[in-house]
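This report refers to the structure that appears directly beneath it.
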Amino acid sequence: MVVETKGVAALQAIFRYFWEVSDIRMEELHDTILAKVGEEVRDAMTTTADRLREEGRQEGRLEGERTMLLRMMTARFGQLPATVTARVGAATVEEIEGWAERVLVAKTLAEVLGDA
């Protein structure tokens, strides 16, 4: 059981590597390998592909929220200092959500960021 789990983890790492560095689409890789392997590997591939897609969606959502927050802050307070832009770029989802709510009512940029 432990060996099987390690094998699945190794396959997931390989699939992630192919997905990140090659030009092959994940679906092509998936279909090609599925034609050659057993059911357990198929399940691991499907799980890995689904997880990678979800991670991509979450990263895209976070980046979109960061971009929108920066646009809102700029519209409200003018050109933003580089430190604020960097801070938003490194922020967590929770921080972004809190700042987005405060940008609507805050009188200063410091109030938005909780520095006031």
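The values are calculated or read from the model by the stated rules, or taken from the named source; none is laboratory data. Keep in mind it's a predicted model, so treat the numbers as computed, not measured. Virtual Cβ from ideal backbone geometry, glycine too; neighbours counted across all protein chains shown.
Matching residues to (1) in a helix (DSSP H, G or I); (2) at pLDDT below 95:
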residue	(1), (2)
Thr47	yes, yes
Glu59	yes, yes
Thr74	yes, no
Ala106	no, yes
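Going by the structure shown, is Glu28 more than 30 Å from Glu95 (Cβ to Cβ), modelled with pLDDT of 70 or more and assigned to a helix (DSSP H, G or I)? I'd like the intermediate steps shown before the answer.
Details: more than 30 Å from Glu95 (Cβ to Cβ): yes; modelled with pLDDT of 70 or more: yes; assigned to a helix (DSSP H, G or I): yes.
So Glu28 fits the description; yes.
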Taking segment 76-103 and keeping only residues that are under 24 Å from Gly60 (Cβ atoms) and either assigned to a loop (DSSP other than H, G, I, E, B) or in contact with a strand residue (DSSP E or B) (Cβ under 8 Å, 6 or more places away or on another chain) (or both), one is left with Leu80, Ala90, Ala91, Thr92, Val103
Exactly one condition in (1) at positive phi; (2) at pLDDT below 90 is not met by Arg51; state its number.
(1)
